[in-house]
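The values are calculated or read from the model by the stated rules, or taken from the named source; none is laboratory data. Values in this document were obtained by computation on a predicted structure and should not be read as measured data. Virtual Cβ from ideal backbone geometry, glycine too; neighbours counted across all protein chains shown. Side chains are part of the model used for accessible areas, which takes the heavy atoms of the whole protein and leaves out ligands, DNA and RNA. Shrake-Rupley method; radii C 1.70, N 1.55, O 1.52, S 1.80 Å.
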Amino acid sequence: MNADIAAASRELKGGGVVVLPTETVYGLAANALDEKAVRKIFTIKGRPLNNPLILHVLDSSWLVRYSHGEKYLVRVEKITGAFWPGPITIILPKKAIIPDIVTSGFDTVAIRCPDHPIFREVLRASDLPLAAPSANPFGYVSPTCIGQVKATLGDRVKIMLDGGECTVGLESTILDITSTVPKILRPGAITADAISKVLGEDVIDYDVQIVSENPNAPGQLKQHYCTDTRLLLFEYGNRDLLQYFAGKTAVVFMQRPENFDGIAKNLQLPTEAISWFSDDGNLNGVAKNLFSTLQRLDSAHYDTILCERPRRTGIGIAIDDRLSRAAAKFRQ
Ligand code: AMP
Ligand code: MG
């Protein structure tokens, strides 16, 4: 076994926390069965205890150890068969072996099977279910590379495994399969349409409006993923807002704008103040670069970041959800 995997596994078995890469974002992991270890995650992140954690498992055969899926077996088999390992979390009734701190006292537990080889090797080596939220201070932009983790958590965690850039870049889709009609609690790379096709039944899609007024998932906060720099959003393709800003302003487009030198000149901004999430605007590429771009601009000392919203289709719904919540702090 690779020495890093062995060290991480030892640390977890001993009640410690480690930073691990996943395909979504970097995670701060602890043994989910060890209350004291899980408490360290909340302390390091400054995360409120009423915000439950996701349990990570090696494969669907682990589900029976930690959850009561009997009533939902057909749905569980369809979802895990189609999407696991991958960026979708399912909500199931929990077994008593899971400490209340993981689920914030709820009688359900959120479970996911990650697709990153390093995370999977640690699960296999430790044979432990791992509770793992994103490896960043609570409320800040999620990390998609180890440099971002180090920049915000510093030396608070001894073992951090570098698994390169996260390929998805957005947190998992969360699907409640215990409700009469399955319901998306958090949008992600796996969309309601894709889930509905696999299940062969309707799925209630996520609605930014409803969630922000009346959260239907614990821990889904109106304000989250926030930069320190003021972040303002403008509609896809509508550049009217830009003319009101100059000086220390950064602008981010969904895709590389044609004639971007001209745009910079027009707005009286240096060319380095203009960025884009993806050269061709492909939304999977946007998702992958979303958080790293926001974090880069946040540490570049601009007064304001003006960010274009995506088209609200497919994974664009999840991207727009993260951007809307990141900008909520700055909305009057
Ligand atoms: P993260 O912040 O990425 O660790 O994601 C954890 C999120 O999963 C929480 O903020 C909740 O929104 C959601 N979650 C975790 N457990 C449950 C649960 N039992 N029921 C509903 N949502 C949950
Ligand atoms: Mg998070």
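Normalised by the number of residues in the range 1-107, the average gap of Cα pairs under 8 Å and 6 or more apart makes the relative contact order 26 percent. Counting only alpha carbon atoms, the long axis of helix 35-45 and the longest principal axis of the chain meet at about 10°. Sequence-distant contacts, meaning Cα pairs under 8 Å at least 6 residues apart, place the relative contact order of the range 263-320 at 26 percent.
The Cα trace of the range 1-93 gives Rg and Dmax of 14.7, 41 Å, the first to one decimal, the second as a whole number. With the helix formula -39500 (n - 2.57) applied to DSSP H stretches of n ≥ 4, the chain reaches a computed 222 nm mean residue ellipticity of -9500 deg cm²/dmol. Loop-located GluC sites (Glu not before Pro) in the range 237-332 (DSSP state other than H, G, I, E, B) with a sparse environment of at most 11 neighbouring Cβ atoms within 10 Å: Glu258.
Using only side-chain charges placed at the Cβ, +1 for Lys and Arg and -1 for Asp and Glu, the dipole size of the range 23-112 relative to its Cα centre rounds to 180 debye.
Here the label points at Arg239 and Asn284, each 7 Å from Cα along the C-beta direction, are separated by 2.9 nm in the simple model. Take the Cβ atoms of Lys150 and Asn2, set R0 to 22 Å, and the FRET efficiency comes out at 0.60. With one equal scatterer per alpha carbon and no solvent term, the Debye-computed log10 I(q)/I(0) for the range 95-171 at 0.21, 0.26 1/Å reads -1.19, -1.36. Ordered from largest to smallest accessible area (heavy atoms of protein chains, 1.4 Å probe), the residues Asp127, Asp280 come out as Asp280, Asp127.
Just need the Rg to Rh number for the chain, please, alpha carbons only, Kirkwood Rh.
Reported Rg/Rh (Cα atoms, Kirkwood Rh): 0.98.
Pairs of Lys residues in the range 139-285 are counted when their Cα atoms are under 19 angstrom apart and they lie 8 or more places apart or on different chains; the count is 4.
Given a Förster distance of 30 angstrom, what is the FRET efficiency for Ser196 paired with Lys248, based on the Cβ-Cβ distance and rounded to 0.05? Calculated value: 0.10.
Sorted largest first, the spans of the alpha carbon positions of the range 62-108 along the three principal axes are 30, 22, 15 Å. Legend: residues Arg311, Arg75, sorted from most to least accessible area (1.4 Å probe; ligands, DNA and RNA excluded), read Arg311, Arg75. Shape analysis of the range 42-131 places it in the oblate category; the axes a ≥ b ≥ c from the Cα gyration tensor give an a/c of at least 1.5, with a/b not above b/c.
Stokes-Einstein diffusion of the range 186-332 at 10 °C, 1.306 mPa s viscosity, Kirkwood radius from Cα pairs, rounded to a whole number: 98 µm²/s. Considering only alpha-carbon pairs that sit under 8 angstrom and 6 or more positions apart, the relative contact order computed for the chain is 19 percent. In this structure, the amide hydrogen of Tyr206, modeled 1.01 Å from its nitrogen in the peptide plane, lies closer than 5 angstrom to those of Ile184, counting only residues at least 5 positions away or on a different chain.
Each other residue within a Cβ distance under 13 Å of Asp4 adds +1 if Lys or Arg and -1 if Asp or Glu, for a net charge of -1. Using the average count of surrounding beta-carbon atoms within 10 Å as a protection proxy, the listed peptides 181-192, 294-305 rank, highest first, as 181-192, 294-305.
Per-residue surface analysis assigns Val203 an accessible area of about 30 Å², computed on protein heavy atoms at 1.4 Å probe radius. Each Lys or Arg adds one and each Asp or Glu subtracts one; over the other residues with Cβ under 13 Å from the Cβ of Gly105, this totals -2.
Under the combined filter of DSSP loop state and at most 11 neighbouring Cβ atoms within 10 Å, the range 56-134 retains none of its GluC sites (Glu not before Pro). The label-point distance for Glu35 and Gln268, in a model that sets each label 7 Å from Cα toward Cβ, rounds to 6.2 nm. Taking Cβ atoms as reference points and 10 Å as the exclusive limit, the residues near Ile177 contribute a net charge of +3, counting Lys and Arg as +1 and Asp and Glu as -1. Between 0 and 90 degrees, the angle of helix 3-13 with respect to the longest Cα principal axis of the chain falls at about 60 degrees. Measuring between their Cα centroids, the range 182-202 and the range 1-60 lie 27 Å from each other.
Computed from phi, the 3J(HN,Hα) profile of the range 251-266 under the Karplus parametrisation 6.51, -1.76, 1.60 (θ = phi - 60°) reads 10, 10, 9, 5, 10, 4, x, 5, 6, 6, 4, x, 4, 4, 4, 3 Hz, with x in place of Gly and Pro.
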